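Read the structure below first, then the notes.
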Amino acid sequence: MPHTMTRRYLLKAGAMSATAFGIGKSLGSMPSSALGATHPAVSVLAGWKPGDPIGYINPSIPDFQLRSYQGKRYEVTVPDTLDLAERARVAVNGLTEPVYEPANFEVYSVFSPLSNPPSMTLLCWMEPWEEGWIDATTRNRLMSGSEQNPHVERRWLEVALKLQGADGLLYTPLKGRPWGLEGFQLSKAQAIKYPGDQLLQPYLCGCMLRSLAVYAKKDPNGPWKDSARRLIDGLNDLAVVDGEYAYFWPSFFSAAKNKPAHPPMPADPIEVEGTNVVLGLAEASQVLGYEPGLKLTKQVINYLRKTFYGLDGSFYSVPALEKNAHSGAHLRGLLGMEKYAEATGDKEVMEFVVRSFEYALSLDVNFTTGPGDESVFALTPGEELVGFFPDMTHSPYLETAETDGIGDLLALGTRLSEAGMGDYWDDVDRRVRNQLAENQLLEIDWIYDVSEKGPTAKATYNTTIDRVAERMRGGFAGNPSPNDWAGYGTKSGVGSCCTAYGCNGLYWVWEKILSYQEGKLKVNLLLNRASRWADVDSYIPYQGRVEVKIKEPVDLSIRIPEWVKPEQARCQIDGQERTLGWDGRYAKVGDVKAGNLAKLTFPISERTDKVWIEKREFTVVRKGNDVVSIDPPGVYRPLYQRQHYRQSQPRMRKVTRFVSEETL
Ligand SMILES: [Zn+2]
């Protein structure tokens with residue numbers, strides 16, 4: 001275990017209560033607070049009390065309006081099947097409730113569902129100003145119309161502006177945040193402190209560029225565009241530019257302004273998390289149409305590719321080593337590269353993204369674990385059927401499926417498919433219906449049942465035990481195993497990063513369920529979705545049936561999933577048979593009018609497979625692409641409790657649809 005402490009090592013360390021179950025590996029250095037027992041150095045807390053002012057670099061900020069989304073709301077009864085808009089409504093709870101009000105609603109970084117009582121802890125990771133947390137919140141509001149806790153979002157945005165120095169860069173204050181170096185990504189001695197006890201983290205700057213980009217679109221007259229442009233300028237000044245490469249020295253987690261003439265390229269495993277800078281730069285530069293930002297994006301991409309990716313797209317933990325590469329960071333990097341390639345038309349980068357994405361997909365098809373295993377593993381695909389993606393690739397340990405990588409993998413799958421770079425809709429469908437959907441925390445009673453047997457947790461200066469499970473509802477799992485939300489008895493069930501990536505993942509898929517262009521409406525995924533053009537009701541997996549209620553006249557086509565043969569599909573418009581044409585997997589329904597009901601039906605049945613997922617054997621029953629049973633079941637919170645899906649009579653439910661007039 002390296003001396004450095006990444007979040008995922010931290011989560012992993014939480015999971016390593018699993019040592020009790022015979023699965024452990026070395027803990028490495030571990031902040032005590034993450035395990036619920038805090039013994040901070042006296043000096044950290046000296047003179048501090050809750051609610052003390054935080055030493056932001058820029059106390060005076062411009063005013064701005066925070067508008068809620070405008071749109072239509074209406075009640076409908078729909079099949080009780082996966083409904084990403086409804087998931088987004090719960091997600092806004094998981095985004096805006098697990099917060100510490102005295103510190104301007106800073107988000108608790110780690111959630112421990114199995115401590116008694118359940119607890120959550122503030123650490124150095126500074127959500128919501130990291131990981132795209134704030135943009136996830138506004139995206140999930142757009143999907144669902146949720147207006148829960150707007151005051152929290154407003155305060156987050158005020159603080160975002162307060163973090164920005166005169167040089168455009170964002171500074172992380174330690175004054176008033178005594179937990180600010182708890183679990184720090186580097187050793188505490190490596191934290192370079194600027195006047196006023198501030199840290200300068202390109203990592204955080206990159207994360208915030210994503211949020212600024214989204215608010216620049218949502219609120220074009222607000223201060224966000226100017227803030228993003230100044231931040232890009234600041235990063236350009238701070239970066240070490242060496243020919244076609246750019247990086248931050250000595251680290252993406254703590255950068256120095258005074259640099260030697262030719263500082264070496266950082267290559268520690270944790271520096272791959274700098275992919276956040278690429279994603280943020282790409283998104284913000286595109287929104288601003290800002291050439292200096294795009295140029296820097298390409299230079300940082302070059303550094304990351306040289307250091308953490310093989311020419312064939314393989315993922316490296318350190319140059320030329322595939323073992324134990326963090327899948328979430330690498331997939332995030334690919335998403336940033338894909339956005340850069342779309343913004344600039346850079347074919348070489350786009351081809352690399354496709355190559356590397358294919359590599360990622362090949363990783364979660366069962367791999368041989370060594371010579372002699374081929375007959376057992378190679379022919380028994382499993383992970384990609386349920387969307388399990390190992391946290392660390394080519395790892396000798398039992399990995400869990402951190403939500404981060406799954407969210408970005410879904411974004412890549414939908415974007416590359418829509419861009420015509422491949423057909424990954426079925427990959428997306430399997431993953432969103434299974435591991436992503438199951439990773440979201442919806443029911444919480446089980447937490448109180450299992451936590452009663454857990455180690456005692458107490459409230460401390462950075463740990464709370466106040467209504468923790470209720471506040472976490474809607475968040476996403478940090479350490480799920482293939483069959484258990486709290487994989488292997490993890491102590492850290494949610495890493496706040498996972499909630500941000502999971503909630504953004506909901507949006508990436510929801511956005512692309514439909515695509516509309518010049519009168520043509522494509523239904524790409526057979527999932528519930530309301531829109532201005534049509535509302536889709538999906539009966540899958542109860543029945544092989546999808547209904548599209550047309551609201552505007554369109555030329556309609558519907559993609560059928562991989563388990564349906566074209567000749568099995570039948571279409572009716574208002575009860576009248578309609579002959580289908582075909583364009584690949586798309587059934588061409590043709591012209592439909594407002595008020596029409598287009599109904600597509602096909603057979604659906606259960607299949608049982610014996611598969612290997614993350615080095616263990618499971619029996620998986622699927623109906624369509626939905627897993628309806630996995631055996632052996634999980635221990636703490638078994639996944640796939642979906643007996644109702646095995647009936648053919650659909651369970652229905654009443655929901656309030658929200659169709660916004662706005663897009664992001
Ligand atoms: Zn995470």
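We did not get these values from a lab; they are worked out from the coordinates using the rules stated. Predicted model, so just to flag it, every value in this text is computed and none were measured. Virtual Cβ from ideal backbone geometry, glycine too; neighbours counted across all protein chains shown.
With contacts taken as Cα pairs under 8 Å and at least 6 residues apart, the stretch 516-601 reaches a relative contact order of 31 percent.
Looking at the calculated P(r) for the chain, what percent of the C-alpha pair distances fall above 40 Å? Roughly 26 percent, once rounded to a whole number. Ranked by the mean number of other Cβ atoms within 10 Å of their residues, highest first, the peptides 276-289, 548-561 fall in the order 276-289, 548-561.
For the stretch 571-583, the Karplus equation 6.51 cos²θ - 1.76 cosθ + 1.60, evaluated at θ = phi - 60°, returns couplings of 10, 10, 10, 6, x, 9, 4, 10, 6, 8, x, 9, 10 Hz by residue, with Gly and Pro reported as x. The H on the amide N of Trp582, modeled in the peptide plane, is under 5 Å from the matching H of Lys588, each at least 5 residues off or on a different chain. Once backbone amide H atoms are built at 1.01 Å from N, Asp626 has no partners under 5 Å, excluding neighbours fewer than 5 places away on the same chain. The Cα-based radius of gyration of the stretch 516-601, divided by its Kirkwood radius, gives an Rg/Rh of 0.91. The alpha carbon centroids of the stretch 530-549 and the stretch 617-641 are separated by 25 Å.
Sequence-ordered 3J(HN,Hα) estimates for the stretch 110-117 from the Karplus curve with 6.51, -1.76 and 1.60 and θ = phi - 60° stand at 10, 10, 10, x, 9, 7, 10, x Hz, glycine and proline given as x. Each Cα pair under 8 Å and six or more residues apart adds its separation to the average, and for the chain the resulting relative contact order is 19 percent. If only the Cβ of Lys and Arg carry +1 and only the Cβ of Asp and Glu carry -1, the dipole of the chain around its Cα centre is close to 940 debye. Relative to the current alpha-carbon distance between Ser187 and Asp555, full extension at 0.36 nm per residue lengthens the span by 126.6 nm. Among the GluC sites (Glu not before Pro) within the stretch 386-461, those in coil by DSSP and having at most 15 neighbouring Cβ atoms inside 10 Å are Glu443, Glu452.
If R0 equals 35 Å, the separation of the Cβ atoms of Glu661 and Asp583 corresponds to a calculated FRET efficiency of about 0.70.
A simple rule links phi to the HN-Hα coupling: the Karplus curve 6.51 cos²θ - 1.76 cosθ + 1.60 with θ = phi - 60°, which for the stretch 268-276 gives 5, x, 5, 5, 5, 5, x, 4, 4 Hz, with x for Gly and Pro.
Close amide H partners of Gly310, meaning residues 5 or more places away or on another chain with modelled amide H under 5 Å apart, are Phe315, Tyr316.
Per residue of the chain, what 222 nm ellipticity follows from adding -39500 (n - 2.57) for every DSSP H run with n ≥ 4, rounded to the nearest 500? Mean residue ellipticity at 222 nm (helix-derived): -10000 deg cm²/dmol.
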